[in-house]
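The values are calculated or read from the model by the stated rules, or taken from the named source; none is laboratory data. From a predicted model like this one, the values you see are computed outputs, not experimental measurements. No Cβ is skipped: glycine too gets one built from the backbone with ideal geometry, and neighbour counts run over all protein chains shown.
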Amino acid sequence: MKLVLISTVGNQAYVFASNRLREAVGASYLLQELTTTQVEEVCGGLGAAVLQKSSGSTLVRVPDAATARVVIEKVTTAALRRAPGLQVLGVYVDLAAEEPSAAEVRTAFRAWHRHAGATAGASVRFQRLPAVASCRSTDLPAQAWHSDTGPRRDGSYPSGEEPQPLSAEAIAKRAARPAATARFARLLTADEIGGDLGLIAIDELFERADSVAVIHADANRLGRIFENAGDVLPTLPESIGERTTGELSRQVQQVATESFQWATQQLAEQVGASKGLPVVPLVIGGDDLTVLIDGRFALAFSREYLQAFDQHAAAQPLLTAVAHAVTGRRSVTACAGVAVVKPHFPFSAAYGLADELCRNAKVLAAAHPGTHGLDVHVLLDSTLTDLAAIRAGYLVEHEGRHVELTARPYLLAAAPGVSVPDGRDWAEVEPRIRTLRRAPAGLDGGVVTRSQLHALRGEVRTDPARARRRITDLHRRCATELDRELLAAIGAGPSGSADDGSAAGLLDALELAPFADVGATP
């Protein structure tokens, strides 16, 4: 027997090759289809079995080398035809038993990486000789003049839909967008979530929202779990049910799907409507989730997704058992990165920041097993650097010492009794943020207003002494119960210093308050 690994090269570069969201939606759909559904269709009738599948890579068991070559040829040919610009490669290695061991899986991935390193990239397919027009979406050569809609009876096109030169890659992504939209619609009409929920169109979201957020979430230690699954599965009791990597892969996908459905259902309750929810799913594959959402609901949606993830994972017996055997813990947790930007900020750059934030949250979560990680950044201007440079801006010198003005990333306990470091517990910070969201726009018998909080937010970073004087003055003049609640939410006492000795929670609460809608539930 042989073990076939089929995987894609440069997933992010392919999905986010342009700032056209309609292309990103179609690209993520094509990537998933070609490495899951397409592989399953090819395997039918060949005596091959899909062992593990996710958006981007698939493991297949085949009887011999000839069948392995047929599977790889058919899948890669389909990729060339259906998704120009997407590079799909396949390798095969020897397999001793029906379920691959951890060593055999590692051997397959090492072989694949060697093959990928020796293979020319997809960009060599698109040469510029003879000279051709440039694609309006990417830096590739254009294949044709293309419009996503047909002309009117008089031959004219709707505004913004006029034909434009587009590459084969961009055209294929746009053509896949309706199928991707239909797939997401099916997720939101499932009986389990109790109704028919509709999503907002991308263009309408941009018109309606003052800010948008890119949320990228990913499970913790899942690569390690799958890498060692082959060794663990035979040791599990038969009472657990089907013990295969294919079933394990299916359960992971189900957890991600159900967590997304739950978070979307909670969003519907917060918004107060069942149609046109302000969220656009871009990637739901394996344990990966990427969505675009109205910035006001970004924090609540992220928290709901993370909390639902381990709860739904706990309902999957095989995933729980394998996770416990590999990591020593039965909870399967996840991390999320949230990049809040202006509506027309380059999407690919915003996604890159969200991905960095997610990876940063994973570092902290790895040090505290049993926790979810959540990292957030609000980009207030058009300048974007890497996350390390951004966070360096939160280090200030005050009274001869360096003070860190942010406690991000934060952690969420996946179960009661899980230890979370002081100042990093999102369950303690989020209520303060939601309280600050209630600050009035103007004076109405109180003194703590949005303008006062906005001024305080700037002073904490640039003039800490002035910030202390402002807080002291607000404490002296506070006149209403809401004033007192807002000052308590800031976390600073009458002397102007933070009650917990840290300015980090104070600035985080002030910066994130506009993005914790008051409709969110704890």
key: The listed residue being modelled with pLDDT of 75 or more and in a helix (DSSP H, G or I), out of D231, D210, D203, D218   = D231
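Results for (1) touching an Asp or Glu at 6+ places or on another chain (Cβ under 8 Å); (2) over 25 Å from T149 (Cβ atoms); (3) not assigned by TED's automatic domain parsing to the domain that holds E204, shown as yes or no for each residue.
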site	(1), (2), (3)
G10	no, yes, yes
V15	no, no, yes
A27	no, no, yes
L34	no, yes, yes
R69	no, yes, yes
K74	no, yes, yes
A83	yes, no, yes
request  = Restrict the check to segment 4-27 and report whether at least one residue is in a strand (DSSP E or B), of a type in the set (G, A, S), at pLDDT 90 or above and at negative phi.
outcome  = yes
inquiry  = So R408 ticks every box in (1) without any contact (Cβ under 8 Å) to a residue 60 or more places away in the chain; (2) in a loop (DSSP other than H, G, I, E, B); (3) buried (at least 19 other Cβ atoms within 10 Å of the Cβ) but one. Which box is left unticked?
reply    = (1)
task = Determine whether G442 is outside any helix (DSSP H, G or I), more than 33 Å from the chain's Cα centre (by Cα) and either exposed (fewer than 15 other Cβ atoms within 10 Å of the Cβ) or modelled with pLDDT under 85 (or both).
result = yes
query = Just one of V322, V326, V341 is surrounded by fewer than 22 Cβ atoms within 10 Å (Cβ to Cβ), assigned by TED's automatic domain parsing to the domain that holds D381 and over 25 Å from L30 (Cα atoms); which is it?
reply = V326
ask   = Could you list, in sequence order, the residues of segment 419-439 that are crowded, with 17+ Cβ neighbours inside 10 Å and within 22 Å of S331 (Cα to Cα)?
value = V420, R424, D425, W426
ask   = Among the candidates G223, G198, which residue alone is closer than 29 Å to I293 by Cβ and in contact with a Ser or Thr (Cβ under 8 Å, 6 or more places away or on another chain)?
value = G198
ask   = Just wondering, is there one or more residues in segment 459-466 that are modelled with pLDDT under 85 and closer than 30 Å to E269 by Cβ?
value = no
inquiry  = Could you go through segment 96-105 and let me know if any residue there is farther than 21 Å from Y29 by Cα, among the hydrophobic types (A, V, I, L, M, F, W, C) and not assigned by TED's automatic domain parsing to the domain that holds T58.
reply    = no
